[in-house]
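Nothing in this text is a laboratory measurement; each read-out follows from the coordinates by a stated rule. These numbers were taken from a predicted model, which means no experiment stands behind them. Here Cβ is always computed from backbone atoms with ideal geometry, including for glycine, and neighbour counts include all displayed protein chains.
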Amino acid sequence: METLNLNSVEKHGCADPQAVAPSADWTIDQNWEAYTQEEHGVWKTLYERQSKLLPGRVCDQYLDCMKQMPITADEIPDFRRVNDLLMQHTGWQIVAVPGLVPDDVFFTHIANRRFPAGQFIRSKDKLDYLQEPDVFHDVFGHAPMLMNPAIADFMQAYGQGGLKALERGILPFISRLYWYTIEFGLVQQKDGIRIYGAGISSSFTESQYCLQDDSPNRIGFDLERVMRTDYRIDDLQKSYFVINELDDLFELAQIDFDPIYARIIDQSTYTPDQILPGDRVLHAGTQRYHRQKAAR
Ligand code: HBI
Ligand code: FE
């Protein structure tokens, strides 16, 4: 494991990491002591709202892992404490970044079992709209799933695959795979379909909409189908893909994508709302939900 750069606060010694340009790998010091009561308060609001909502909606592995983690309502988690546990379980760690980082930086971290987590938290008047992944999305949504060995292996394979795809200029295929699994994936449990994607588990609206609303499609996961399916980053999903169990991701992590890329590279992409003849349709959505146009 290559060592990370000395985090930038130590180098520059200033109090507020926001004021400091990120280091070459875009990591900054979380500077946990600098969070204000108001910021911890936003975390508490988000945490309590989601924690009430998720039981019965999120997969068992998420709940089991979250129970073990030093992540509570009272305060924004200290990455050092989260990492003590994460490293032991799957060799993953979360590293603080100021926000979205360039794809190559992102993939390099992921390929080395480092998850770039937003150091900032959204403001209390923007609880439900987020331009960039903040500490709540990344630590409440992603961190518990990184304790799961299948997700941990799949994520690292995604990072390695992402770097290769970047070099070859075919990023969309693997971004879609990530989007419809790690961010917005659903999994079939004996007691029903459950959430495992962090983009859903950290979202108040989408945690309800994805399972209860008749608008979106819910389709059995198929790798090539997903790699060809576009998505919207700024709206509720029009389709969700359901894997049979999280361990299916172990298999996905082993697959050599090259022959698949060769097969689909010249084929058309599917729109997010489409249902195809070969789909294993669990629910054919009405697609009646459309994002309300922003009030003029
Ligand atoms: N940066 N911090 C952060 N978090 C992400 O999820 C992220 C990113 N940069 C690039 C990126 N995601 C995506 O473009 C890739 O998954 C394709
Ligand atoms: Fe995310």
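Per-residue 3J(HN,Hα) values for the range 49-56, derived from phi via the Karplus relation 6.51 cos²θ - 1.76 cosθ + 1.60 with θ = phi - 60°, read 5, 6, 5, 6, 7, 6, x, x Hz in sequence order (x marks Gly and Pro). Using C-alpha pairs below 8 Å separated by at least 6 residues, the relative contact order for the range 208-258 is 41 percent.
What do you get for Rg/Rh of the range 51-175 when both radii come from the Cα atoms and Rh is the Kirkwood radius? Walk me through the numbers on the way to the answer.
Values: Rg = 14.9 Å, Rh = 15.3 Å.
Using Cα coordinates only, the ratio equals 0.97.
Pairwise Cα separations in the range 14-117 fall into 5 Å bins from 0 onward with the following percentages, short to long: 2, 11, 17, 20, 21, 17, 8, 2, 0.
Relative contact order for the range 113-203: what percent, with Cα pairs under 8 Å and sequence separation of 6 or more? Let's see the in-between values first.
On the way: 86 pairs, mean separation 24.7, N = 91.
Over the range 113-203, the number comes to 27 percent.
Looking at the chain, the DSSP beta bridges with both ends there are about 30 percent antiparallel. Sorting H109, H290, H283, H89 by the number of Cβ atoms found within 10 Å of their own Cβ, with the fewest placed first, yields H290, H89, H283, H109. Using R0 = 30 Å, the C-beta based FRET efficiency linking Q88 and A34 works out to 0.65. Pairwise Cα separations in the range 158-220 fall into 5 Å bins from 0 onward with the following percentages, short to long: 4, 17, 22, 21, 13, 11, 8, 3, 0.
With only alpha-carbon pairs counted, each pair once and no self-pairs, how large is the Kirkwood hydrodynamic radius of the range 93-146 in angstroms?
Evaluated over the range 93-146, this radius sits at 11.5 Å.
Taking 1.306 mPa s as the viscosity and 10 °C as the temperature, the Stokes-Einstein diffusion coefficient of the range 151-260 based on its alpha-carbon Kirkwood radius rounds to 111 µm²/s.
3J(HN,Hα) couplings calculated from phi for the range 209-223 with the Karplus curve 6.51 cos²θ - 1.76 cosθ + 1.60 (θ = phi - 60°) are, in sequence order, 4, 5, 9, 9, 7, 7, 6, x, 6, 10, 10, x, 5, 9, 4 Hz; Gly and Pro show x. Here the chain is treated as a sphere whose radius is the Kirkwood value from Cα pairs; by Stokes-Einstein at 4 °C and 1.567 mPa s it diffuses with a coefficient of 65 µm²/s. Sequence-distant contacts, meaning Cα pairs under 8 Å at least 6 residues apart, place the relative contact order of the chain at 16 percent.
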